[in-house]
Every structure is written in structure tokens, then in C-alpha cells.
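The values are calculated or read from the model by the stated rules, or taken from the named source; none is laboratory data. Nothing here was measured: the structure is a model prediction, and the numbers come from that model. Cβ placement follows ideal geometry from the backbone for every residue including glycine, while neighbour counts extend to all protein chains displayed. Quick note on the areas: whole protein, heavy atoms, side chains included, nothing else; ligands and nucleic acids left out. Shrake-Rupley method; radii C 1.70, N 1.55, O 1.52, S 1.80 Å.
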Amino acid sequence: GGLCGIAAAGANKAFAAGPGFTNPDFIDDRKAKTKGFDIIYEARDLSLDQNVRDGMTQARSSLDATKARVKDAEVKLNEAGAFVDKKYWTEGRNVLRRLVGTLRFDLAALASSKTGASKKEAMKANKEFFASLESFDLAMSKKNVDAGKKAFAKTISAYKNA
């Protein structure tokens with residue numbers, strides 16, 4: 001019995017020292033997890049609320065991040081406006097399409113963080129902004145440079161008010 005145990009221990013050492021064996025690498029992913037690396041697992045976890053799984057709760061958790069995204073939207077609006085001058089209609093409309101969903105969500109989140117009359121004013125400004133944005137999109141779909149420039153100026157003005 002004892003001889004078999006010694007032979008097995010020797011075999012383990014032989015396999016451990018053999019070719020093809022590498023020591024396991026331990027990687028500390030805590031930093032990546034804090035940045036949202038494992039969000040995909042939350043999306044699949046049916047025990048979580050739907051808003052958490054869709055990322056809605058996380059997006060609303062930081063008003064500073066929301067304000068930063070809204071501020072960054074101006075760059076994309078200006079990019080779409082530049083496409084009017086170049087007559088790149090499809091590209092300009094695609095920029096708006098990519099922008100609108102997130103921007104609508106973010107402006108609604110900012111408006112809902114307010115109370116009373118300021119909340120109503122913010123919601124009204126949001127409606128005016130999206131109406132002007134849709135006019136801008138319509139001008140680009142009609143491929144009208146003059147109407148596009150006017151609608152773009154109105155959209156930027158409404159954006160600054162929202």
C-alpha cells in the first residue's frame with residue numbers, strides 16, 4: 001500500500017515538471033469589473049429587475065455622467081450639421097439616428113431629476129428640441145441645403161435651451 005502512494009507521488013511530480021505544463025496565471029480583474037466588464041452577465045441574469053438588466057438603472061445612477069453625455073452630444077450635432085454643407089445626407093441622418101436614442105433618454109433623466117416648474121420647463125424644452133431635430137432630419141431627407149442649414153441652426157438653439 002505504501003509503495004503505491006510513493007509511486008503516485010513521484011508520478012505527480014513527473015507530470016508537474018513535464019513539458020507543456022505551465023503554472024496558472026492569476027489575473028486581478030477587480031479594476032475591469034468596476035468599469036462594467038461583467039455587465040453582459042447582468043443582462044442574462046433573470047433574477048435581476050429588467051431595468052438593471054437593460055442598463056437603465058446604471059445609466060440613471062450618475063447625473064454627472066448623464067450631463068457629460070449630453071454635453072458630448074453637441075459634437076455629434078455639429079458633425080451632422082457639417083454633413084449638410086457637404087451634401088452627405090445619409091451620413092448626416094445616420095449620425096442623428098445614433099444620437100437620438102441615447103440623447104432622448106439622457107434629457108428625460110435630467111428633466112426627471114428636477115422638481116416643480118423647472119421640471120415642466122425642462123420637459124417643454126426637450127419637446128421643442130426633438131421637434132426641431134425631426135425638422136432637421138426631414139430637411140436632410142429632402143436633400144435641401146437651405147432648409148437643412150435653417151433647421152440645423154434652430155436645432156442647435158433648441159439644444160442649448162434643453
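Legend: calculated FRET efficiency, Thr34 to Leu138, from the Cβ-Cβ distance at R0 = 45 Å, rounded to 0.05, equals 0.55. On full extension, the segment bounded by Arg97 and Met123 gains 7.3 nm, given 0.36 nm per residue less the C-alpha separation.
Would you report the distance distribution of C-alpha pairs in region 39-162 as whole percents per 10 angstrom bin, up to the bin with the largest distance? Bins of 10 Å from zero give 13, 38, 28, 17, 4, 0 percent of pairs.
Highest-first packing order for the peptide set 25-35, 46-56 is 46-56, 25-35, based on the mean count of other beta carbon atoms within 10 Å.
On the basis of the beta-carbon distance and an R0 of 41 Å, Met56 and Phe21 show a calculated FRET efficiency of 0.30. Short-range pairs are left out: with C-alpha atoms under 8 Å and at least six residues apart, the relative contact order of region 103-156 is 26 percent. Taking other residues whose beta carbon is less than 13 angstrom from the beta carbon of Ala109, and scoring Lys, Arg as +1 and Asp, Glu as -1, yields +4. Using a probe of 1.4 angstrom and keeping all protein chains present, the accessible surface of region 48-162 works out to 61 square angstrom per residue. Which pairs break 23 Å Cα to Cα here: Lys120/Lys154; Lys86/Lys124; Lys31/Lys76; Lys31/Lys71? Exceeds cut-off: Lys86/Lys124; Lys31/Lys76; Lys31/Lys71.
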